[in-house]
Amino acid sequence: MEKLRNFLKRKDIVFSAKRYFIDAMGAMAQGLFCTLLVGTILDTIGKQFGIGFLTTAFLTIKQGDAVLQYTIGGLCSLMVGPGMAVAIGRALNCPPLVLFSLIPVGFAANSLGGAGGPLAVLFVAIFASELGKAVSKETKIDILVTPIVTILAGIGFAKLIAAPIGAAASAVGQAIMWATELQPFFMGIIVSVIIGIALTLPISSAAICAALGLTGLAGGAAVAGCCAQMVGFAVMSFRENRWGGLVAQGIGTSMLQMGNIVRNVRIWIPPTLAAAVTGPVATCIFRLQMNGAAVSSGMGTCGLVGQLGVKAIRYLRRPVLDALQAIEGVKGPLFNFHENPNPNCPVGAAVRPVLEGRLQKAQSAMEQELASTSLADLLKDVG
């Protein structure tokens, strides 16, 4: 037993909640920020301000008949798994060969985990890091043994647990979908609180919203809950973190506070209560709806992605009838039939008396349908 303790001490392998759920989790949040969230911010800036090099394809990869194109922001987002895994490895003081081997391990864990990708990366990266540290520099062919052991063990463990973690995340998503069936007041509270909590936890709230297609009124509640968490923690910690912390959490991620939450869970109460208030305010008073991509519902104030998606609905709420009348320059009935028939023509003279009533009914039905259909409804049908 003494030999084992000495071995673990020499390898800097410490089994403690602090190292795994404070140090590693805090580092993982930084990896997430430097990849997914920064990538999302760059994409949003490029689209909103028309910056060409941020919106055009920076890299094109051909895989058979498929062609994959990535912007700079898209490449950042693609590396979210490796980014989190390497950050965790650094927090655990991994030697270089182990640290670099975590890149494919993180990619595999995040991909296999689906909505629970970040949570899967946390457990898999910790396991692979500690095992890699254990075998590091124990053989004369360390440059081969250490990477192979780290990669095989990490990807194998990811294959084993990542999918169940993803299934658990999907179960949470089903609960959220059930909540959206409730009345707006209760739905606003439930969706806002759950998605807000998921945003701060090492679970991808954006991935959950994307997997569920969470848009519309439920998406608006999700945005409100995420905003309450991000802005709440940014303001609460301003005295200690100043402007850097305000920006990093306010338009970055509240996951940066996860280490502090583990130390003192009570600091999570004010933002969560705020989410319970902002949710029903968003759904019942302002009727905020997410019209952007479903992933935007889980982004909160990150790069103002959620706000831009909600803002767009103001214009897309307009009925199709209004848009059609504006395009055609028509006020009143959409179409008129045989306004000035020739009284000397036996056909023309009989058209209006015979068909006018039926045409008015048909036009009224058509206008009612177009008036009750918004541009957002058409976009949903398009997919």
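The values are calculated or read from the model by the stated rules, or taken from the named source; none is laboratory data. Keep in mind that what you see is a predicted model, and the values were worked out from it rather than measured. As a convention, Cβ positions derive from the backbone with ideal geometry for all residues, glycine included, and neighbour counts pool all protein chains shown.
Look at region 12-28: where a residue is in the same structural domain as Ile126 (by TED's automatic domain parsing) and a partner is at pLDDT 85 or above and polar (S, T, N, Q), sitting 6+ places away or on another chain with Cβ atoms under 7 Å, you get Asp12/Asn93.
Suppose the filter is free of Cβ contacts under 8 Å to residues at least 24 places away in the same chain, crowded, with 20+ Cβ neighbours inside 10 Å and either among the acidic types (Asp, Glu) or outside the structural domain of Ile22 (by TED's automatic domain parsing) (or both); does Gln249 pass it? Before you say what the answer is, go through the steps one by one.
Working: free of Cβ contacts under 8 Å to residues at least 24 places away in the same chain: yes; crowded, with 20+ Cβ neighbours inside 10 Å: yes; either among the acidic types (Asp, Glu) or outside the structural domain of Ile22 (by TED's automatic domain parsing) (or both): yes.
Here the answer is yes, as Gln249 does meet what is asked.
Out of (1) farther than 30 Å from Ala221 by Cα; (2) surrounded by 24 or more Cβ atoms within 10 Å (Cβ to Cβ), the odd one out for Val121 is which? Tallying (1) farther than 30 Å from Ala221 by Cα; (2) surrounded by 24 or more Cβ atoms within 10 Å (Cβ to Cβ), Val121 fails exactly one: (1). Apart from one condition, Asn260 fits all of (1) in contact with a helix residue (DSSP H, G or I) (Cβ under 7 Å, 6 or more places away or on another chain); (2) free of Cβ contacts under 8 Å to residues at least 60 places away in the same chain; (3) over 18 Å from Met28 (Cα atoms); the exception is (3).
Among the residues of region 115-152, those identified as closer than 30 Å to Leu201 by Cβ and among the β-branched types (Val, Ile, Thr) are Val121, Val124, Ile126, Thr150, Ile151.
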